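Engineer: Structure provided below as structure tokens; questions to follow.
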Amino acid sequence: MRELKKPALMPYVCCGDPDAKFTKKLIREMVANGADAIELGVPFSDPMADGKTLQDAAERALEGGMTPKKAIEVLRELREEGIEIPIFIMTYYNIVFSNGVADFTKLAKEAGADGFIIPDLPIEESGEMRSACDDNDRVLVQFITPNCSDKRLERIAKDAKGFLYAVSVLGITGARDEVSEDAIELIRRAKKITDLPVVIGFGISNEAQASQYVKEGADGVIIGSKIAGLYAGRNNTDEVAGFCSSVAEKMKRVTRV
Amino acid sequence: MKRYFGRYGGQFVPETLVPALTHLEDEYCRIKDDRNFQENLGSLLADYCGRPTPLYLAKRLSKKLGVGKIYLKREDLLHTGAHKINNAIGQCLLAKKMGKKRIIAETGAGQHGVATATAAALLGLECEIYMGSIDAKRQELNVFKMNLLGTRVNIVESGSRTLKDAINEALRDYTANFRDTHYLIGSALGPHPYPTIVRDFQSVIGAEAKKQILEKEGELPDCLVACVGGGSNAIGLFSAFLDDAVGMIGVEAGGDGVRHAERLTGKAREGVLHGMKSYFLQDKDGQIQNTYSVSAGLDYAGVGPEHSNLKEMERAEYVSVNDQEALAAFKALSQYEGISPALESAHAVGYVMKMEKSEDKTIIVNLSGRGDKDAPQVKELLR
């Protein structure tokens, strides 16, 4: 995996919403404005971990003709253009499974993916995917949640690579305004048992939340729904660029407690 | 408990749900052999739902078709009109044991929604049902019934606006609210332990049918026929006969010839959705495809994992019956026996109408539900 700058701003983008050209432009703008890594979403017809905003984004992308293989092409082109930050493929397991776990992992690696983020693949079911990632020297990012027991946190962290994706709330993706006490507690618990970076996601929509989480020990924040909300319908990258630069700036000024 | 049926099943859910499902599994294991719980369930099934349901020899239909002796397992006579109540009562009792205050469920045809709303009303639980807008339109009466029972029906406008999307919404709700909410899955599908829990609560169908056929015929039947959407009525009937030399036939929806819901008989491939590995209708990229059937209850892109395994082991056979054949069966059963089946169950009858002629065969058809809910739709279709 390429090195993750800390604290990392990691925007999520649904590839192909509304088309591949816009996705590439958006990612270039975000990288120019402080994004340290990208979560590149490969749209799936039934995104059960996503709220309305990202469901709609996936639907627009699928309507626009985005496919798993085309999304991998978008990634390849971004690498060819010289985008060097870590990029993770985020998708649901059926997309990987249906395209062949080993084949799809290899394809993603060759295009320049650093790893995978698959929300419906808990550790108990991840054997095949983990082997494929190990064979291709890619990272399979594991999720941790506020309702994980310490015992389960340790189990998840033991075999995890890259970073831990800490889910800030019990629920699905979608912009929320407040800082979650559950999330702060989760960051603290995770930090005690692992040296891996802990990156927090779900429900982050503003500079104050991002800074607060970093202050509490998070090594990065993932922002998805908020960004989709900023460009959806207008397909203009300016607001997203402004938002990223503001979050990045405030986050990076934080002194850890 | 086993997480898999052969290669199928598993628990493909977001991490947030893993502890919730582990808790559900633990609690279910606890009540499974608890005599108080089982007695309580048994008396509600008997006194409230009307169990045991009759095993009825359909003489006129048998004579007319000439395929053997056709017995109907009359789940259509249950309170709320379908087998769904068996599982709804069982899971609501379980939810109460777990201290949950709120029940959520998905529904396709509306039968599971009505059954859940009924069980929730009976046991004093708050209830919300997710239903695709297309299904809500074609099963308007059931939407009204649910409202009447004090349940809120959330109409789902995403995706194909049918059962699949209702399950997505219910899973999202469950992920956010599992602490006080039980997700009452209506078919033998979803993440472990649901396929097992639902099968167990529906196994009363097979257990009764086995006892009844032995009383009436002195021997086991030659085959069992049941429709398969998610597959709960079929697995409930099959479960008692798995170790016997009895044929098992699951009938899928053949739709209108172009659009269908043929998972085990068609071009479906292995996939992962709604928490389970099973067969799903999907395109070459892995996007789940829209299905179609005249019957909302069979209109689902996937199938319960135990059926995928029975198919793989060649223990059960899966066939399909199209809309027209199901409608013909709806009419035939009404005219020869005075029984109007649900359009779902009409698919099972429709297959029997296509079976080879035979004098000495004994067949049990699971008449999983009654057709009242479908009467307005059938009226339109037969016009």
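The values are calculated or read from the model by the stated rules, or taken from the named source; none is laboratory data. Note that this is a predicted model, so its numbers are computed, not measured. Every residue, glycine as well, gets a Cβ built from its backbone with ideal geometry; the counts of neighbours run over all protein chains shown. Side chains are part of the model used for accessible areas, which takes the heavy atoms of the whole protein and leaves out ligands, DNA and RNA. Shrake-Rupley method; radii C 1.70, N 1.55, O 1.52, S 1.80 Å.
Engineer: Sort out for me the strands (runs of 3 or more DSSP E) sitting completely within region B:270-383 that have 2 or more residues that are within 27 Å of residue B:56 (Cα to Cα) and either modelled with pLDDT of 95 or more or not charged (D, E, K, R) (or both).
Structural biologist: B:317-322, B:362-367
Engineer: Suppose we filter B:186, B:218 for residues that are away from chain A (no Cβ under 14 Å), in contact with a strand residue (DSSP E or B) (Cβ under 9 Å, 6 or more places away or on another chain) and not aliphatic (A, V, I, L, M); which single one remains?
Structural biologist: Result of the check over B:186, B:218: B:186.
Engineer: So which residues in region A:95-109 are farther than 13 Å from residue A:135 by Cβ and either in contact with a Ser or Thr (Cβ under 8 Å, 6 or more places away or on another chain) or among the charged types (D, E, K, R) (or both)?
Structural biologist: Hit for region A:95-109 is A:96, nothing else.
Engineer: Considering every residue within region A:88-95, establish whether at least one is under 18 Å from the mean Cα position of the chain (by Cα), away from chain B (no Cβ under 12 Å), open to solvent by 10 Å² or more (accessible area, probe 1.4 Å) and closer than 15 Å to residue A:13 by Cα.
Structural biologist: Checking region A:88-95: at least one residue is under 18 Å from the mean Cα position of the chain (by Cα), away from chain B (no Cβ under 12 Å), open to solvent by 10 Å² or more (accessible area, probe 1.4 Å) and closer than 15 Å to residue A:13 by Cα.
Engineer: A follow-up question, please. Tally time: how many residues in region B:225-248 are assigned to a loop (DSSP other than H, G, I, E, B) and on the phi < 0 side of the Ramachandran plot?
Structural biologist: Final tally of qualifying residues: 8.
Engineer: Next up: Identify, please: which residue in region A:123-141 is facing chain B (nearest Cβ under 10 Å) and open to solvent by 10 Å² or more (accessible area, probe 1.4 Å) and is, among those, nearest to residue B:276 (Cα to Cα)?
Structural biologist: A:125
Engineer: Scan region A:217-257 for residues that are part of a loop (DSSP other than H, G, I, E, B), among the charged types (D, E, K, R) and out of contact with any strand residue (DSSP E or B) (no Cβ under 9 Å at 6 or more places or on another chain) and jot them down.
Structural biologist: A:234, A:253, A:256
Engineer: Which one is surrounded by the fewest Cβ atoms within 10 Å (Cβ to Cβ) among residues in region A:142-171 that are more than 9 Å from chain B (Cβ to nearest Cβ) and part of a loop (DSSP other than H, G, I, E, B)?
Structural biologist: A:159
Engineer: Only residues that are away from every other protein chain (no Cβ under 13 Å) and either in a helix (DSSP H, G or I) or touching a residue at least 60 places away in the same chain (Cβ under 8 Å) (or both): list them for region B:146-179, please.
Structural biologist: Matches in region B:146-179: B:146, B:147, B:148.
Engineer: Any chance region B:8-16 includes a residue that's away from chain A (no Cβ under 14 Å) and either part of a helix (DSSP H, G or I) or under 18 Å from residue B:202 (Cβ atoms) (or both)?
Structural biologist: Checked against the condition, which is being away from chain A (no Cβ under 14 Å) and either part of a helix (DSSP H, G or I) or under 18 Å from residue B:202 (Cβ atoms) (or both), region B:8-16 yields no hits at all.
Engineer: Out of the residues in region B:256-278 that are of a type in the set (Gly, Ala, Ser) and within 18 Å of the chain's Cα centre (by Cα), state the one that is nearest to the other protein chains (Cβ to nearest Cβ).
Structural biologist: B:275
Engineer: So in region B:234-247, with the set limited to residues that are within 16 Å of the chain's Cα centre (by Cα) and open to solvent by less than 10 Å² (accessible area, probe 1.4 Å), which one is farthest from the other protein chains (Cβ to nearest Cβ)?
Structural biologist: Out of the qualifying residues, it is B:237.
Engineer: Next question, about the same structure. Please state which of the following conditions residue A:174 fails to meet, knowing it meets all the rest: (1) under 18 Å from the mean Cα position of the chain (by Cα); (2) closer than 17 Å to residue A:123 by Cβ; (3) open to solvent by 10 Å² or more (accessible area, probe 1.4 Å); (4) touching a residue at least 40 places away in the same chain (Cβ under 8 Å).
Structural biologist: The failed condition is (2).
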